[in-house]
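Engineer: Before we start, here is the structure in question, set down as structure tokens.
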Amino acid sequence: MIMMTYISILIILISNIMMFLSIILSKKTFSDREKNSPFECGFDPKSSARIPFSLHFFLITVIFLIFDVEIALIFPIIKLFKMTNFFIWSKISFFFIIILLMGLYHEWNQNMLNWTN
Amino acid sequence: MMLKDMLMIFLGLIILILGVLIGVAFLTLLERKVLGYIQIRKGPNKVGFIGILQPFSDAIKLFTKEQTYPSFSNYLVYYFSPVVSFILSLMIWMLIPYYYNLISFNLGILFFLCCTSMGVYTVMVAGWSSNSNYSLLGGLRAVAQTISYEVSLALILMSSILMIMSFNMMKFMIYQNLIWFIIIMIPLSMCWFSSSLAETNRTPYDFAEGESELVSGFNIEYSSGGFALIFLAEYSSILFMSLLMVLIYMGGYELTLGFYLKISLISFLFIWVRGTLPRYRYDKLMYLAWKMYLPISLNYLFFYLGLKIMMFY
């Protein structure tokens with residue numbers, strides 16, 4: 001753990017130094033309004049880039065959240081294998097994966113996974 | 001004793017980081033060469049001896065380019081997100097399973113999943129903070145894509161973990177002593193390969209930086225150092241994904257030369273795919289993740305659970 005902390009500090013230092021070096025090394029620099037404006041094929045930016053979020057992406061994220069929690073619940077069955085009774089372990093994991101699969105098919109059936117309606 | 005050990009670990013890690021960086025440099029050279037020969041031209045062949053020194057001159061050129069300060073950008077976040085992505089992709093390399101001188105993780109696979117999920121944030125923040133419409137769209141797409149492929153990636157990983165019943169990456173080489181997992185689970189390994197293509201935003205699925213619609217995607221406002229760091233992070237994650245594929249499916253015994261040859265074979269496959277396949281369509285990509293890979297990996301997980309129970313019983 002201590003070693004990992006030291007190594008992480010080393011990695012953080014290395015990457016910060018690389019970024020800092022590139023800022024120092026880039027001598028030739030000037031800035032004007034046209035150059036610093038956001039890239040939009042040479043025109044002034046037409047609309048603000050802080051647009052609201054698309055609902056599709058939000059729904060995908062919600063589905064992802066469900067499945068990620070389920071994955072987080074699946075992982076302990078590896079460690080539980082050596083701690084619990086084998087039959088109970090196999091029953092629990094079978095039922096859990098069946099429920100997951102049924103949930104996926106239910107979502108598919110309800111057209112939650114469709115990208116366009 | 002303790003101090004000496006720590007010194008040795010530190011030295012090993014510095015050598016590891018240097019090796020990763022040089023490997024990434026030569027991976028870019030390999031990519032340019034292979035793409036050149038795919039398109040019947042020569043690729044870089046002038047700098048140094050037949051183009052060997054090309055990546056280093058590219059790096060020097062890239063780092064001495066001009067650093068821009070986009071107006072209206074959230075500058076601090078804009079500055080630090082490539083740094084953070086580079087940090088994360090170097091941190092993943094701590095996982096490389098060696099017998100001595102590096103860290104041996106008991107829960108290495110969980111660490112890998114944590115690091116890859118953190119990588120999403122840097123792309124999203126880089127896209128959002130540079131205040132351009134193209135980069136915001138690229139960031140959103142990258143987030144949705146990486147998120148949805150992460151689910152299937154974790155589930156595919158899960159069924160090979162069920163075979164070894166441990167999160168330790170060392171165990172893979174013990175259990176694949178007699179037979180590679182790619183022979184036991186061919187469909188899953190193919191799914192793993194294309195999910196890792198999507199996870200690293202490589203070409204058939206590179207919607208984060210699709211040149212034809214989004215100019216350059218989430219990294220459009222980045223110039224010298226930031227772009228170089230994003231680039232390095234992306235390529236080192238490609239290398240790590242190919243390392244993981246070799247480790248999990250192709251008999252990962254990493255003290256032989258063959259291991260490294262297999263890694264370069266898989267990373268050559270990444271480049272080959274880029275040279276041949278056209279870009280996918282975004283909704284089809286989402287369908288591929290949610291309607292193909294997720295059911296396949298769940299069903300196979302069920303199957304391998306049954307296999308495990310049958311073998312154990």
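Engineer: Name the residue, out of B:L265, B:L269, that is without any contact (Cβ under 8 Å) to a residue 24 or more places away in the chain, more than 14 Å from chain A (Cβ to nearest Cβ) and surrounded by fewer than 16 Cβ atoms within 10 Å (Cβ to Cβ).
Structural biologist: Answer to the check: B:L265.
Engineer: Turning to a different aspect of this structure: Given B:L239, B:L294, B:L247, B:L243, which one is within 14 Å of chain A (Cβ to nearest Cβ) and crowded, with 21+ Cβ neighbours inside 10 Å?
Structural biologist: B:L294
Engineer: Looking only at the stretch B:64-78, decide whether some residue is within 12 Å of chain A (Cβ to nearest Cβ), without any contact (Cβ under 8 Å) to a residue 40 or more places away in the chain and out of contact with any helix residue (DSSP H, G or I) (no Cβ under 9 Å at 6 or more places or on another chain).
Structural biologist: Scanning the stretch B:64-78 turns up no residue that is within 12 Å of chain A (Cβ to nearest Cβ), without any contact (Cβ under 8 Å) to a residue 40 or more places away in the chain and out of contact with any helix residue (DSSP H, G or I) (no Cβ under 9 Å at 6 or more places or on another chain).
Engineer: For B:L155, all conditions in the list (1) surrounded by fewer than 20 Cβ atoms within 10 Å (Cβ to Cβ); (2) within 11 Å of another protein chain (Cβ to nearest Cβ) hold save one; what is the number of the exception?
Structural biologist: Tallying (1) surrounded by fewer than 20 Cβ atoms within 10 Å (Cβ to Cβ); (2) within 11 Å of another protein chain (Cβ to nearest Cβ), B:L155 fails exactly one: (1).
Engineer: Looking only at the stretch A:15-44, count how many residues are at the interface with chain B (Cβ under 7 Å from one of its Cβ atoms), in a helix (DSSP H, G or I) and modelled with pLDDT of 75 or more.
Structural biologist: 8
Matching residues to (1) within 14 Å of another protein chain (Cβ to nearest Cβ); (2) among the hydrophobic types (A, V, I, L, M, F, W, C); (3) part of a loop (DSSP other than H, G, I, E, B); (4) touching a Ser or Thr at 6+ places or on another chain (Cβ under 7 Å):
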residue	(1), (2), (3), (4)
B:A25	yes, yes, no, no
B:R32	no, no, no, no
B:V47	no, yes, yes, yes
B:I50	no, yes, yes, no
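Engineer: Let me ask you something else. Since B:M310 meets every condition but one in (1) more than 14 Å from every other protein chain (Cβ to nearest Cβ); (2) surrounded by fewer than 21 Cβ atoms within 10 Å (Cβ to Cβ), which condition does it not meet?
Structural biologist: Condition not satisfied by B:M310: (1).
Engineer: Okay, moving on. Which members of the stretch A:54-77 meet the condition of being buried (at least 17 other Cβ atoms within 10 Å of the Cβ), of a type in the set (V, I, T) and either free of Cβ contacts under 8 Å to residues at least 40 places away in the same chain or not in a helix (DSSP H, G or I) (or both)?
Structural biologist: If the condition is that a residue be buried (at least 17 other Cβ atoms within 10 Å of the Cβ), of a type in the set (V, I, T) and either free of Cβ contacts under 8 Å to residues at least 40 places away in the same chain or not in a helix (DSSP H, G or I) (or both), then A:I60, A:I71, A:I74, A:I77 are the ones that fit.
The values are calculated or read from the model by the stated rules, or taken from the named source; none is laboratory data. Note that the structure is predicted; figures quoted are calculated from it, not measured. With ideal geometry, Cβ positions are generated from the backbone for all residues, glycine too; neighbour counts draw on all protein chains shown.
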